[in-house]
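Undergrad: The structure that follows is given in the form of structure tokens.
The values are calculated or read from the model by the stated rules, or taken from the named source; none is laboratory data. As the structure is a prediction and not an experimental result, all values here were calculated from the model. Cβ atoms come from the backbone with ideal geometry, glycine included; neighbour counts cover every protein chain shown.
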Amino acid sequence: MVPTHLIIPHIEDPDGIISTALILRNLYGQGIEDEKIQILFTDYKNQKATFETAANQELQNLETYVADLAAKDFIVTKDEETGLSLAQKIKNQSGNFTWYDHHGDTKKNKPILEESNVQVHYQDNTCTARIIFNQLEKTNPADTYADLISKISQSHDYAGSIQDNSLTKLGIDLQGIITLLNFEQNEQHLLEITKRIAKGRDTWLSNTSIDLVGDVLDLSNEYKQQAKNAMREMEQSIEQITLQNGYTITTALASDILPPKDAPRHFRENFSDNGDGYLLFFSGKRQAAFFFKNYNSQFSPQEFCTLMGGGGREGDGAFNLPFEINNQKNYKHAKNIIFGRLNKFLEK
């Protein structure tokens, strides 16, 4: 059966997974079955290749959705040979093309996307899942389960925005499961869990509380054991580096079994008196660095992350590394490259 609906979501955190689940839930409600839906999960390291794959498919989708991915410049830059951007190519294969997101690059490129007839739903300080829920609520205001899972995403993406410890805990637990399955490169299992989340709470949440159950709980416990050891190793690698202008950056190396947002948050919260920023390098296939600000310092890493081809929000950011870190020698090489560029950036 040829797919008629395409979803391109972020694979690395609860917002991307829950956003996908909400879109699926809406499609299931219209009677559209899994065989008619194609999902191309991606991360920022592979985002361009994923969009090129989508643009070059010989399919005619009735609907295309992007969820929780920043609209980087390469999405809207026109190809010299064809005169079309990746966004335009995908739109030409789609009846409707909808982009749900909350990142700064999407806000910046929203007018260009809309010129290509892409419907962009963007909102500051609101996770993508919540943006999607707010749109779907207009047609299905009684879906309290959709409201619940979008709030799980909001509580995780914007810590403190929802005062409910059970939702916050569940968001962290879900992040652990996502990180574990990505670490194991088990995208099929992650897709299966995403579909279960879409269909309802019975196969992954307790009916009486906001707690994981069954094999999903087992995955969470497995992750926590692995993460405990990895967190200890991360803390043992912490060092401080003073930049030429006097700023002090606290830096460390983390295994990619640790979650991309929660690990830097832990780093900042537990070493808040040290330095002007927190730069966490991830080893392994994640091939990324996360750079978080110290709230007591005037230094904001987000602009540097954008310069490095990444992005961020609220002063924090992340960017891809030029190579995978798999030993101490190339970790040292990565630090020399990044801190060299950071010193040049601060000279301006």
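Undergrad: Could you list all residues from region 38-64 that are in a helix (DSSP H, G or I), under 11 Å from residue 8 (Cα atoms) and in contact with a helix residue (DSSP H, G or I) (Cβ under 6 Å, 6 or more places away or on another chain)?
TA: Listed by number, the residues that qualify are 51, 54.
Undergrad: Quick check on my filter: what residues within region 94-115 are free of Cβ contacts under 8 Å to residues at least 60 places away in the same chain, outside any strand (DSSP E or B) and crowded, with 18+ Cβ neighbours inside 10 Å?
TA: The answer is 106, 109, 110, 112, 113.
Undergrad: Go through region 222-255 residue by residue and tally those that are farther than 26 Å from residue 299 by Cβ and of a type outside the set (Gly, Ala, Ser).
TA: Within region 222-255, residues that are farther than 26 Å from residue 299 by Cβ and of a type outside the set (Gly, Ala, Ser) number 9.
Undergrad: Right, another one. Restricting to region 171-220, count the residues that are out of contact with any strand residue (DSSP E or B) (no Cβ under 8 Å at 6 or more places or on another chain), part of a loop (DSSP other than H, G, I, E, B) and among the acidic types (Asp, Glu).
TA: So the answer is 2.
Undergrad: Something else: Give the residues of region 133-170 that are over 29 Å from residue 224 (Cβ atoms) and either in a loop (DSSP other than H, G, I, E, B) or among the hydrophobic types (A, V, I, L, M, F, W, C) (or both), sorted by residue number.
TA: 136, 137, 138, 139, 140, 141, 142, 143, listed by residue number.
Undergrad: Of these, 309, 275, which one is at pLDDT below 90 and at positive phi?
TA: 275
Undergrad: Could you please find all residues in region 51-78 being closer than 20 Å to residue 109 by Cβ, crowded, with 21+ Cβ neighbours inside 10 Å and polar (S, T, N, Q)?
TA: 64
Undergrad: Suppose we keep only residues that are over 16 Å from the mean Cα position of the chain (by Cα) and closer than 16 Å to residue 9 by Cβ within region 120-145. Which one would you say is modelled with the lowest pLDDT?
TA: Restricting to residues being over 16 Å from the mean Cα position of the chain (by Cα) and closer than 16 Å to residue 9 by Cβ, the top hit is 136.
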